[in-house]
1. Among the residues of the stretch A:149-165, is any more than 11 Å from every other protein chain (Cβ to nearest Cβ), over 20 Å from B:K257 (Cβ atoms) and acidic (D, E)?
2. Based on what the data block shows, is A:N170 out of contact with any Ser or Thr (no Cβ under 9 Å at 6 or more places or on another chain) and either more than 12 Å from chain B (Cβ to nearest Cβ) or closer than 30 Å to A:K215 by Cβ (or both)?
3. Looking at the structure I just gave you, is B:D4 in contact with a helix residue (DSSP H, G or I) (Cβ under 8 Å, 6 or more places away or on another chain) and open to solvent by 40 Å² or more (accessible area, probe 1.4 Å)?
4. Of all residues being of a type in the set (D, E, K, R) and either modelled with pLDDT of 90 or more or under 18 Å from A:T229 (Cα atoms) (or both) in the stretch A:45-74, which is least open to solvent (accessible area, probe 1.4 Å)? Just the residue, please.
5. Being assigned to a strand (DSSP E or B) and either surrounded by fewer than 20 Cβ atoms within 10 Å (Cβ to Cβ) or more than 14 Å from chain B (Cβ to nearest Cβ) (or both) narrows it down to one residue among A:I255, A:I275; which is it?
6. Given the conditions (1) within 14 Å of another protein chain (Cβ to nearest Cβ); (2) of a type in the set (S, T, Y); (3) open to solvent by less than 80 Å² (accessible area, probe 1.4 Å), and given that B:Y59 satisfies all but one, which numbered condition is not satisfied?
7. Among residues belonging to the stretch B:9-35 that are more than 7 Å from chain A (Cβ to nearest Cβ) and among the aliphatic types (A, V, I, L, M), point out the one that is farthest from B:S65 (Cα to Cα).
8. Could you identify the single residue in B:S56, B:S65 that is closer than 27 Å to B:A228 by Cβ and touching a Gly at 6+ places or on another chain (Cβ under 7 Å)?
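The values are calculated or read from the model by the stated rules, or taken from the named source; none is laboratory data. Note that the coordinates shown come from a computational prediction; the quantities given were computed from them, not determined experimentally. Counting neighbours? That spans all protein chains shown, and the Cβs are built from the backbone with ideal geometry, glycine included. Accessible surface is based on the protein model in full, side chains and every heavy atom, while ligands, DNA and RNA are left aside. Shrake-Rupley method; radii C 1.70, N 1.55, O 1.52, S 1.80 Å.
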Amino acid sequence: MPPQYSTALPLSPAELSYLHTSLSFDPPIRPDGRTATQFRPLIAETDVLPSANGSARICFADGTEAVVGVKCEVERSPSDRSILRSKEDDVKRLVTGGGDEEMRDESSGGEDDEVGNGSRGRGEGRNEWVEMAIEIPGYRDDDALPVFLSAMITEALVSDGELKNRLYINQRFHWRLYIDILLLSSPLSYPLPLLSLTTHLALLRTRLPALVSEKDEDPHFNDDWEAATLLYPQSDQTTTRPPVTLLVMSVGDNIIFDPSKDELAVADAVLTVSIGKTPSSGLRLLSVRTVDPPSRLTAPGVPNSTNSANGDTAPPMQEALMLREAMDEHSLWRPPRGGMKRALVGRMIKMVVDKNGVGEEVLEGLEGVDKALEECITAIEAKDTETAKQWEQERETYTPTTIDELIVMLNPINTALNGGRSSRVWMRTKDDVLNLKHRVVRRIAASDTINNFLMDMWAAEVHRASPSEVWLN
Amino acid sequence: MQADRRRLNAPAGGTAPPVFAALPNTKLQRQTRTRKPDEHRKLFLQTGIVPSASGSAYYEIPPQSQQQTELLVPQTSSLKITCTVHGPRPLPRNAAFSPNLLLSTHVKFAPFATRNRRGYVRDASERDLGAHLETALRGVVIGERFPKSGCEVVVTVLEGEEDGWWAGSAEGKEGGWGMMSVLAGCITVASAALVDAGIDCVDLVSGGVAAVVHGAGGKDGVLVLDPAPSEHDGEIRAACVVGYLQSRDEVTEMWMKGDAGMQAEQLIDEAVKAASLARAVLAETVKEAAEIKLGKGDESAVPVNEGKGKSKDVVMTG
């Protein structure tokens with residue numbers, strides 16, 4: 001259901017037919033001239049919220065913006081309230097208590113577990129420990145869109161079964177992960193890819209305090225935030241990463257990625273595909289859902305033969321209906337009927353999951369964001385003024401039209417606030433600071449199909465100017 | 001919290017169904033799947049059960065075999081879904097103009113539908129199911145023939161499929177696989193109710209569900225049709241629900257969850273097979289209902305005193 005104050009004008013049948021026809025050509029002609037697998041440029045920022053365990057902010061090229069904050073809290077695990085406890089028997093114990101979940105895996109649990117020992121093998125965590133809330137302006141919490149988006153993103157997150165195990169502390173306590181997603185702009189287009197990418201980045205940077213207590217005693221954590229461990233550890237053996245959800249649409253036989261609002265309005269079929277990385281550095285499919293294309297809600301065009309504005313009389317309704325049915329689809333706009341062909345679904349999924357496919361590209365691009373942040377932090381710590389100068393020079397010679405890259409904006413001031421690292425390396429004079437505007441621009445070489453141009457960051461820069469004043473004495 | 005003195009309240013600590021202690025030497029055994037991997041459970045489908053609605057249908061997967069145990073707890077759950085369709089009816093006066101039929105779907109689990117009582121308020125998973133159902137039905141309904149109208153599809157799940165074996169570990173119940181069987185049933189029953197209501201549709205949409213289950217010892221999963229999650233406690237790796245239009249060979253709704261690996265396409269094909277099997281039952285039901293409505297049933301030798309709802313079993317063919 002669209003929000004009440006939406007002022008977007010619906011597209012007329014002529015516009016819809018124009019868009020549909022141009023997208024059905026081979027190769028498809030998109031309104032902004034991109035290729036079918038080209039993504040729009042975006043600005044990504046991580047660690048924007050100093051009081052959250054992890055956070056990220058992404059701005060898309062069409063002006064939509066999202067912020068995600070991840071917070072973790074220690075929670076007491078409900079104790080096992082079974083009335084029959086027998087260590088010898090195989091009888092499953094039944095739990096009393098209103099509304100409680102079924103018994104814990106004391107006797108049944110992995111075959112390698114001792115009965116009644118309390119130790120848990122696989123399956124330590126529970127999926128309920130991840131809680132997600134999506135806030136979209138103009139929609140209520142229980143409207144269809146936020147619920148659907150939240151279900152989709154949560155499903156992908158818990159589907160590999162590993163995240164919940166990292167939230168386990170001991171038998172009595174566990175971490176509860178609260179993921180709060182805020183869409184800051186009004187939902188101009190389907191917000192799923194934006195929200196999912198922002199969640200991915202936020203989770204990538206989420207850190208949990210290091211545990212110093214042992215076994216089952218009350219948990220105590222290391223006060224030093226530097227010792228905090230990442231929720232998604234980056235070791236060489238395992239490349240565990242949070243999942244990413246992509247929106248894929250089809251028009252006729254063409255498959256189009258990262259559709260804009262206009263392109264979605266004429267889609268024949270829309271699919272959301274969630275992908276994750278496997279330890280063997282391949283891609284795996286986590287979940288697929290069809291989305292109802294908004295083209296089904298559009299008005300059909302009126303053919304000239306039945307249009308009374310020409311001066312003739314309009315035929316009666318039955319006849320008009322039959323005339324409209326008999327007309328060729330391509331000459332007049334009609335909302336799509338039926339579903340999508342099975343072969344098409346297979347093709348769409350393949351395009352995302354294949355080696356060197358679109359999915360891998362997106363994940364690599366996001367990895368680049370992460371690496372860039374790491375390098376910036378290391379540079380600050382090493383007081384590497386050389387690199388700083390080099391980056392500054394690069395920034396001076398930066399011209400929008402010649403660059404073919406994904407731009408990542410990092411905020412050293414914020415990281416300094418978070419980690420207590422000194423940011424004085426960058427600030428030589430007040431002028432320097434204001435010129436540099438507290439940014440580090442890191443170039444990331446990306447593959448051919450991610451093609452960007454520089455976005456105007458005025459609003460963001462004005463925003464940042466004031467916190468910097470506080471840091472200068 | 002202050003006690004509510006105006007009403008007679010339920011017990012403050014909540015209620016739970018009575019749980020009977022088992023004899024010490026009772027062996028609990030999980031029912032395993034005895035059907036073939038491509039065999040569907042028997043379905044029961046009937047339309048026209050709610051006379052005051054424009055269209056209605058009732059769908060049931062009865063328990064297949066009665067397992068003899070000494071416990072009073074029912075071993076397996078069945079699936080019972082009822083659907084009513086109200087419409088097409090005119091939109092309220094202050095509603096904006098809509099050139100197409102405004103379909104609104106509501107899925108609700110009855111509070112007694114699952115082993116743990118659900119509340120009266122619709123929660124997120126039920127709204128999610130409603131969104132899936134709407135996607136499945138919107139593709140099949142010809143909305144442009146009903147401008148300025150709305151149609152309401154209300155699905156009530158009287159008994160829902162469980163997520164895992166009731167006495168199994170809590171881990172076996174993770175994944176929400178029962179919801180997928182429920183969704184497949186909802187699609188089929190809503191389709192029957194839409195036909196009963198006489199709303200223009202492109203084709204009959206039927207729901208089918210298939211799953212990838214851990215094979216015995218092997219790494220490759222086994223593809224099974226119509227999984228009953230209580231039979232595969234914790235072994236389901238991935239599952240897929242489709243809403244399928246057989247005569248156009250198109251899929252209006254697809255929901256795939258879990259890691260299917262290389263078998264993703266085969267999983268979709270299996271789910272389509274399950275949907276085709278369900279469609280055979282659907283088509284037969286709709287045909288019978290049409291015959292009764294058109295009065296042909298009176299002339300042929302259908303004995304009325306045999307009882308309502310008695311019909312021959314339909315063999316499911318793909």
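1. no
2. no
3. For B:D4, the condition - in contact with a helix residue (DSSP H, G or I) (Cβ under 8 Å, 6 or more places away or on another chain) and open to solvent by 40 Å² or more (accessible area, probe 1.4 Å) - is not met.
4. A:D47
5. Just one listed residue meets the conditions, A:I255.
6. (1)
7. If we take residues in the stretch B:9-35 being more than 7 Å from chain A (Cβ to nearest Cβ) and among the aliphatic types (A, V, I, L, M), then B:A12 is farthest from B:S65 (Cα to Cα).
8. Among B:S56, B:S65, only B:S56 is closer than 27 Å to B:A228 by Cβ and touching a Gly at 6+ places or on another chain (Cβ under 7 Å).
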